[in-house]
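Worksheet: one structure, shown below.
The values are calculated or read from the model by the stated rules, or taken from the named source; none is laboratory data. Not measured: the values here are computed from a predicted model. Using ideal geometry, Cβ is built from the backbone for each residue, glycine included, and neighbour counts are taken over all protein chains shown. Ligands, DNA and RNA are stripped out before the accessible areas are found, and what is left, the full protein with its side chains, is counted by its heavy atoms. Shrake-Rupley method; radii C 1.70, N 1.55, O 1.52, S 1.80 Å.
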Amino acid sequence: MFRKATILIFAAALGAPLVHAQFDFTVDGKTVQIHSFAQQGFALSNDNNFLSMDTSQGSFGMTDGGVNASVALTDKFRIGAQVYARNIGQLGDYHVQLDWAYGDYKFKDWFGIRGGKIKTALGLFNDIQDMEFLQTWALLPQGVYPLDLRSNTIAHTGGDLYGEVPLHRAGSLSYTAYAGVRENDPYGGTYYGDAAAGDPEQSFSGRTAGMDLRWHTPVEGLMLGTSWADQTGITKVLYGAYDAYLTAHSSPEHLTSGYADYVRGKWHLSSEFRRDYNPELYTFLGMAGATNQSTKGWFGTVAYRVNKWLELGTYNSRFYVDFPQDPSDANAHHIFDQTVTARFDITSWWNVKVEEHFMNGYGDTFSAHGFYTADNPGGLKPNTDMFLIRTAFYK
């Protein structure tokens with residue numbers, strides 16, 4: 001397996017010039033900027049399979065990439081779009097999707113508007129979670145940013161208001177307020193989890209509205225922030241046991257987040273708490289009922305830049321299920337993950353990350369977060385140790 005991982009890295013290196021190549025061009029005096037990225041990973045775990053991959057045997061099924069283009073039509077108006085594809089185990093299936101596409105008009109530093117399909121500002125990393133060159137980690141803390149459920153919060157189709165307001169000696173305050181329609185991703189973890197449980201999802205729709213506030217404090221390198229979102233989700237599932245449809249909707253679902261980020265010298269520390277309050281109502285065969293699918297999670301990270309080509313880091317991630325379907329199963333209440341990472345910056349546009357995860361618990365079946373019973377027919381084990389190596393190229 002390690003030999004295969006080494007071969008993969010060298011093969012990816014041969015293709016790196018294609019990712020890094022300069023494709024910017026000019027149209028009618030306007031420069032069109034082209035950027036791209038590609039990522040490939042290998043995961044090996046001791047027992048449980050993770051993220052719908054066959055990690056207990058070693059899996060290379062962790063690939064994603066995107067290409068975007070943008071152009072400033074005036075000093076204040078910019079347009080752009082990105083296409084994205086991924087294959088994470090059974091998720092994504094290399095389906096090319098429009099990741100974002102919008103027009104952005106900035107009236108002043110303190111006020112601008114965006115319209116189209118837009119990455120959602122929610123917490124510390126939500127809108128930049130695919131920009132792995134900004135992060136130390138091969139996998140972001142899954143207690144707050146589960147890779148299988150990326151599409152649940154990644155973007156909305158609608159509009160944003162944004163800006164940064166100076167507070168003079170108190171620093172500055174940046175804000176984003178948004179409203180729109182949530183993304184429906186039939187290739188994501190929500191659909192996969194329902195299908196694996198024998199109840200295939202037929203449709204999903206919903207709206208979202210929220211705000212993100214970030215205080216860039218007078219303390220150099222310290223940023224504090226909070227996010228809030230109000231969203232609905234209407235899901236139609238074919239309930240296999242009765243061959244009939246069950247329709248569930250949140251009423252509504254509230255997401256709240258508080259976070260901090262601090263950079264000083266070679267040190268980088270961050271932390272976030274996320275609360276998902278999700279009482280769900282459903283109708284089935286003319287009857288009404290309710291379930292509570294509320295969860296919460298948090299993480300703390302520490303990273304140290306040793307030199308220009310090496311950064312070391314660790315994080316502790318915690319995820320809690322408030323009301324698991326089987327309350328007697330102690331491992332269904334949580335997923336704890338202690339992670340250590342080494343990031344190697346081979347060039348300014350190519351890195352390799354080596355990471356070890358020590359996980360306890362697997363969460364509830366509806367919560368997903370990487371563990372699926374369909375991928376572990378022998379039953380889920382309480383502890384999972386996973387080695388991960390991930391390489392990325394970006395321009």
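Rundown of residues vs (1) open to solvent by 50 Å² or more (accessible area, probe 1.4 Å); (2) farther than 18 Å from HIS95 by Cα; (3) not hydrophobic (A, V, I, L, M, F, W, C), yes/no style:
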{"residue": "ILE154", "(1), (2), (3)": "no, no, no"}
{"residue": "THR157", "(1), (2), (3)": "yes, yes, yes"}
{"residue": "GLU164", "(1), (2), (3)": "yes, yes, yes"}
{"residue": "ALA170", "(1), (2), (3)": "no, yes, no"}
{"residue": "TYR178", "(1), (2), (3)": "no, yes, yes"}
{"residue": "VAL181", "(1), (2), (3)": "yes, yes, no"}
{"residue": "ASP185", "(1), (2), (3)": "no, no, yes"}
{"residue": "TYR191", "(1), (2), (3)": "no, no, yes"}
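Only one entry in ASP364, ASP337, ASP385 is under 26 Å from GLY61 (Cβ atoms), open to solvent by less than 50 Å² (accessible area, probe 1.4 Å), over 18 Å from the mean Cα position of the chain (by Cα) and not hydrophobic (A, V, I, L, M, F, W, C), namely ASP364. Residue count for segment 105-143 satisfying the condition of being touching a helix residue (DSSP H, G or I) at 6+ places or on another chain (Cβ under 9 Å), aliphatic (A, V, I, L, M) and open to solvent by less than 30 Å² (accessible area, probe 1.4 Å): 5.
For the condition touching a strand residue (DSSP E or B) at 6+ places or on another chain (Cβ under 9 Å), of a type outside the set (Phe, Trp, Tyr) and free of Cβ contacts under 8 Å to residues at least 60 places away in the same chain, GLY143 does not qualify.
Could you pull out the residue among THR226, THR217, THR176, THR208 that is under 29 Å from LYS76 (Cβ atoms), touching a residue at least 60 places away in the same chain (Cβ under 8 Å) and out of contact with any Pro (no Cβ under 8 Å at 6 or more places or on another chain)? Of the residues listed, the single one that is under 29 Å from LYS76 (Cβ atoms), touching a residue at least 60 places away in the same chain (Cβ under 8 Å) and out of contact with any Pro (no Cβ under 8 Å at 6 or more places or on another chain) is THR208.
Among the residues making up segment 51-75, those that are buried (at least 21 other Cβ atoms within 10 Å of the Cβ) and assigned to a loop (DSSP other than H, G, I, E, B) are LEU51, SER52, MET53, THR55. Looking across segment 257-281, the residues that are within 22 Å of GLY363 (Cα to Cα) and surrounded by 14 or more Cβ atoms within 10 Å (Cβ to Cβ) come down to SER257, SER271, GLU272, PHE273, ARG274, ARG275, ASP276, TYR277, ASN278, PRO279, GLU280.
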